[in-house]
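Enquirer: Here it is, the structure, as structure tokens.
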Amino acid sequence: MKNVSRRKFIGSSIAFGVGSVLLPKNLMAQTVPLNPKKTTLKGKKILYVYGGWEGHEPKESVDLFVPWMRAEGAEVIVSDTVESYEDIELMKSLDLIIQVISMGKISQTQEKILLETIKNGCGFAGWHGGTGDSFRENTEYQFMTGGQFVAHPGGIIDFTVKIIDHNDEITKGLKDFNIRSEQYYMHVDPNVKVLATTTFSGEHAPWIDGSVIPVVWKKQYAKGRVFHSTLGHVMKDFEVHEALEIQKRGIRWAAESKYAPKEKWVSPIYK
């Protein structure tokens, strides 16, 4: 198997080193502690893979999230190619993979190594189409993520996100909030722990009036923790405090995959 040269993606990693990029103001805002003993990504090794459809601002996401993760003490390798999944030694060394690739392609070999890495305990986290609409032809990948994008009726609209689990560490202390973005209609695995939902009005598709669809969830894939949020169409979405806070907490939660005990889902019901 080809062992991919790291020059392409490690080069971009160096360009975003700590000290060379100022953290956006909203990333510096005070947040509700996730856990008094584990509030940072200190010591975690993270692979950040971006690409795919440029309308979801994959490159801009690097500028937003990578400096924050490094500021928390993580070692972050930035890659602009799924070929990085072929580097078996790298994959074995990771604590977390963050993927921001919408409408992309992945080979059978790359998918197999990615999924095996997660099964063996590496965490996986992402948002919107970057994980929920990445590889439309790969159903095993969708089995891992727990959901697949199918529509966003009305395009960019105003909608409400309802927090339905106020005890989970990812959403604790947060309230329902409004956002203007794409309201994702998802096909969702019932075996996920849903943390937030949205209700469709039927204005743009009358037959789905009143449909409740998950917005934020987490799940287990063998030994690996998987986190997903449907928010984040563009980076402006993360100017909404709750959207950013949920994403940051979800990333931290998934990064503990190899170190924290496996969680048991009480119920997949989210209405």
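Enquirer: Please identify the pairs in which a residue from segment 136-165 that is touching a residue at least 60 places away in the same chain (Cβ under 8 Å) has its Cβ atom under 8 Å from the Cβ atom of a residue that is assigned to a strand (DSSP E or B) and of a type in the set (Lys, Arg), counting only partners at least 6 apart or on another chain.
Expert: Filtered contacts from segment 136-165: 146/219; 156/180.
Enquirer: Considering only segment 225-236, state which residues are open to solvent by less than 10 Å² (accessible area, probe 1.4 Å) and not aliphatic (A, V, I, L, M).
Expert: Going residue by residue through segment 225-236, those that are open to solvent by less than 10 Å² (accessible area, probe 1.4 Å) are 226-232.
Selection gives 227, 228, 229, 230, 232.
Enquirer: Let me ask you something else. Just name the residue that is modelled with the lowest pLDDT out of those in segment 30-52 that are in contact with a Ser or Thr (Cβ under 8 Å, 6 or more places away or on another chain) and surrounded by 15 or more Cβ atoms within 10 Å (Cβ to Cβ). Before you say what the answer is, go through the steps one by one.
Expert: At the first step, the residues of segment 30-52 found to be in contact with a Ser or Thr (Cβ under 8 Å, 6 or more places away or on another chain) are 33, 45, 47-52.
Filter once more, so that each one left must be surrounded by 15 or more Cβ atoms within 10 Å (Cβ to Cβ): 45, 47-52.
On the way: 45: 98, 47: 98, 48: 98, 49: 98, 50: 97, 51: 96, 52: 92.
Per the criteria, the residue is 52.
Enquirer: Could you give every pair whose Cβ atoms fall below 7 Å, whose first residue belongs to segment 84-106 and is under 16 Å from residue 43 (Cα atoms), and whose second residue is in a loop (DSSP other than H, G, I, E, B) and not small (Gly, Ala, Ser), counting only separations of at least 6 or pairs across chains?
Expert: 94/122; 95/44; 95/122; 95/258; 96/44; 96/122; 97/122
Enquirer: State which residue pairs qualify: first residue within 20 Å of residue 125 (Cα to Cα) and inside segment 189-210, second residue surrounded by fewer than 16 Cβ atoms within 10 Å (Cβ to Cβ) and among the aliphatic types (A, V, I, L, M) in any location, beta carbons under 6 Å apart, and separation of 6 or more residues or different chains.
Expert: Pairs found: 197/212.
Enquirer: Which residue out of 89, 111 is in contact with a helix residue (DSSP H, G or I) (Cβ under 9 Å, 6 or more places away or on another chain), at pLDDT 95 or above and surrounded by fewer than 21 Cβ atoms within 10 Å (Cβ to Cβ)? Can you show your working first?
Expert: On the way: 89 fails: in contact with a helix residue (DSSP H, G or I) (Cβ under 9 Å, 6 or more places away or on another chain).
Result of the check over 89, 111: 111.
Enquirer: If a residue has to be surrounded by fewer than 21 Cβ atoms within 10 Å (Cβ to Cβ) and among the aromatic types (Phe, Trp, Tyr) to count, how many in segment 160-199 make the cut?
Expert: Total meeting the criteria: 2.
The values are calculated or read from the model by the stated rules, or taken from the named source; none is laboratory data. Small disclaimer: the values here were computed from a predicted structure and weren't measured. As a convention, Cβ positions derive from the backbone with ideal geometry for all residues, glycine included, and neighbour counts pool all protein chains shown. Areas reflect the complete protein model, heavy atoms only, side chains present, ligands, DNA and RNA absent. Shrake-Rupley method; radii C 1.70, N 1.55, O 1.52, S 1.80 Å.
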